1. Go ahead and set up a Gaussian network model of the chain, Cα springs under 10 Å, then flag whichever of Phe71, Phe90, Phe63 fluctuates most.
2. Determine ³J(HN,Hα), in whole Hz, for all residues of region 67-84 in sequence, where each value follows from phi through the Karplus function 6.51 cos²θ - 1.76 cosθ + 1.60 and θ = phi - 60°; x replaces Gly and Pro.
3. Which whole-Hz ³J(HN,Hα) couplings does region 21-26 yield from phi under the Karplus relation 6.51 cos²θ - 1.76 cosθ + 1.60, θ = phi - 60°, glycine and proline marked x?
4. Using label points projected 7 Å from each Cα along Cα→Cβ, tell me how many nm separate Glu102 and Thr69, to one decimal.
5. Mean projection of the alpha-carbon convex hull of region 39-79 over all orientations, in nm²?
6. Whose amide H sits under 5 Å from the amide H of His34, counting only residues 5 or more places off or on another chain, with H placed in the peptide plane?
7. Could I have the simple spin-label model distance between His10 and Leu83, label points 7 Å from Cα toward Cβ, reported in nm to one decimal?
Amino acid sequence: MNQRMPFAVHKLIEEMGELQQVLGKLMAFPEGPHPDGGPPLQQRLAEESIDVLAALTYFMEKFGFNDTTVFDEATIEALKDRLDDKYEKFVQWGKLHDKSPEEV
């Protein structure tokens, strides 16, 4: 593990926590502003989602994803396939979740 890994882990955990905080506020106040007086929750959700994506990208770079000196080509392709497969599962599960009980 290289020396920068702990910082990459720290940033990822920090940003995921901030996203969780906004999601919790949205669950409690889905229809309106949050009483903390901050920016609109939808704006905060977008900003924190982007921050998590940036932190995850940084983490993955520091961990060596997409780096053929760390992983061989077959492993990188398998990870990309896993990403595609997992995304498709989430799309399918989301469709099931969004159906009314009568549709299931």
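No value in this document is a laboratory result; all are computed from the given coordinates. Everything numeric here is computed off the predicted structure, so don't read it as measured data. No Cβ is skipped: glycine too gets one built from the backbone with ideal geometry, and neighbour counts run over all protein chains shown.
1. Most flexible of the set in this elastic network: Phe90.
2. 10, 6, 7, 9, 10, 6, 4, 5, 5, 4, 5, 5, 5, 5, 4, 4, 4, 4
3. Rounded to whole hertz, the list is 4, 5, 4, x, 5, 5.
4. Between Glu102 and Thr69, the simple spin-label model gives 6.2 nm.
5. On the way: hull surface 13.3 nm².
The orientation-averaged projected area of the Cα hull of region 39-79 comes to 3.3 nm².
6. Leu41
7. 2.7 nm
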